Amino acid sequence: MSQPPTPIAGVRRARRLLTAVAALALGMSLAAGCGDSDSKDKASGTTSPAAAGAASFPVTVDHMFGSTTITKKPQRIVTIGLSDHEPVLALGYKPVGVTDWFERKPFTDWPWAKTAWGGSEPTILGVREAGVKAEKILALKPDLIFAMYSGIEKQNYDQLSKIAPVVAQPKGFDPYAAPWKEYTLLAGRALGVEPKAKELISGIDAKFAQVRKDNPQWAGKTAVAADSFEAGKYSAFQKGDPKSAFLAELGFTIPEEITKKAGKLNVAEFGSEGLNMLEVDRLVWMTTGKEPHARIKNDKVYKELKVAKEGRDLFLTYQDPPIGAALSFNTVLSIPYAIEQVVPLIKK
């Protein structure tokens, strides 16, 4: 399957992301024997803690499964969450291993992250629904593992903790539902550079504030981020999803009806009969490729919606250009790019 999944499928599949880690129970004894592997040589030195400025250790951080103590500056960071590498990168560290959400090649080629990677390329631990490869984690000999945007379960957390300290999902939030600020702060605390994380957050907050100031007409208006990954099936992202959270920070309101229907999922799903839920002031479609655009527009029910008739719908792709991906990541790195790309299009 050469095309990347939509973030709907990506998040669902991420709930199975750590299934391969069950093999760790059998492979713990291998950890000491992996030091001479090719994988270690290939990725050595890609974490650069010196770039992160003065860091203070030891640090203890709280997360969903309790607390984790990091005793010294990490040298080899692994990120297994779908977007965890981005706040880590923004704070000056280059992970040696990552999870690949969209199968972009090279992995470091996202326009908002390319400079931060500086030409280095991490080891891909797993791709989409295939799951994280336990042997690759072991071979990289990490000294810190981030599993924030991962849906990691307690048994997997316990197994990974036998390899290195693990930072799981932010405390007080369901998996995948924490705001971007929480991921940034948690990464900053774990890396001993919380002041830097707060500085980055303030910069992004200022950008959103400027957009709202420049576009007061959006205040009180409703907006929905949607997708159609299969003919006759539609999805609207609830307010906790990164894409809807981005629209909310621009000044829009996400309808509560969608959030209620979604329940514990990141999306509300429905057929053509439920398209009236998309009758909002601004509708933003994000799809894998442009092929679904004509299909959506030609749906008999959709054609009768005012939002369609009045041209208040916007069609984006996850890649080429990767605007949808930027909203899906919705990180301290990707948000400036997303603002730059999306705001002019919504204003049209």
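Rounded to the nearest 0.05, the FRET efficiency derived from the C-beta distance between Asn276 and Lys207 at R0 = 45 Å is 0.85. When the square roots of the Cα gyration tensor eigenvalues are ordered a ≥ b ≥ c, the ratio a/c for region 144-254 is 1.5 or more and a/b does not exceed b/c, which makes its shape oblate.
Near Leu314, the amide H atoms lying under 5 Å from its own belong to Leu283, Val284, Trp285; only residues 5 or more places off or on other chains count, and H is placed 1.01 Å from N.
Rounded, prolate or oblate: which fits region 61-134, taking a ≥ b ≥ c as square roots of the Cα gyration tensor eigenvalues, rounded meaning a/c under 1.5, else prolate when a/b beats b/c? Since a/c reaches 1.5 but b/c is at least a/b, the shape of region 61-134 is classed as oblate.
Which residues among region 267-284 fall inside the zone where the amide N is under 17 Å from a point 7 Å beyond the Cα of Lys300, along Cα→Cβ? Once the point is set 7 Å along Cα→Cβ of Lys300, 271-276 turn out to lie under 17 Å by backbone N, inside region 267-284. Highest mean packing first, where packing is the average number of other Cβ atoms within 10 Å per residue, the peptides 146-159, 60-73, 287-300 line up as 146-159, 60-73, 287-300. Filter Lys239/Lys300; Lys73/Lys133; Lys114/Lys181; Lys233/Lys261; Lys72/Lys94 down to the pairs with a C-alpha to C-alpha distance above 18 Å, please. Correct reply: Lys239/Lys300; Lys73/Lys133; Lys114/Lys181.
Classify region 219-348 as rounded, prolate or oblate from the Cα gyration tensor: take a ≥ b ≥ c as the square roots of its eigenvalues, call it rounded if a/c is under 1.5, otherwise prolate when a/b beats b/c and oblate if not. Rounded. In terms of surrounding Cβ atoms within a 10 Å radius of their Cβ, Phe208, Phe237, Phe102 rank from fewest to most as Phe208, Phe102, Phe237.
Coupling constants for region 169-184 follow from the phi torsions by the Karplus curve (6.51 cos²θ - 1.76 cosθ + 1.60, θ = phi - 60°), and in residue order they are 4, x, 5, x, 10, 5, x, 6, 10, 6, x, 4, 4, 5, 5, 5 Hz; glycine and proline get x.
Bear in mind these aren't lab numbers, they're just calculated from the coordinates by the rules spelled out. The structure presented is a predicted model; accordingly, all values stated were derived computationally and were not measured. Counting neighbours? That spans all protein chains shown, and the Cβs are built from the backbone with ideal geometry, glycine included.
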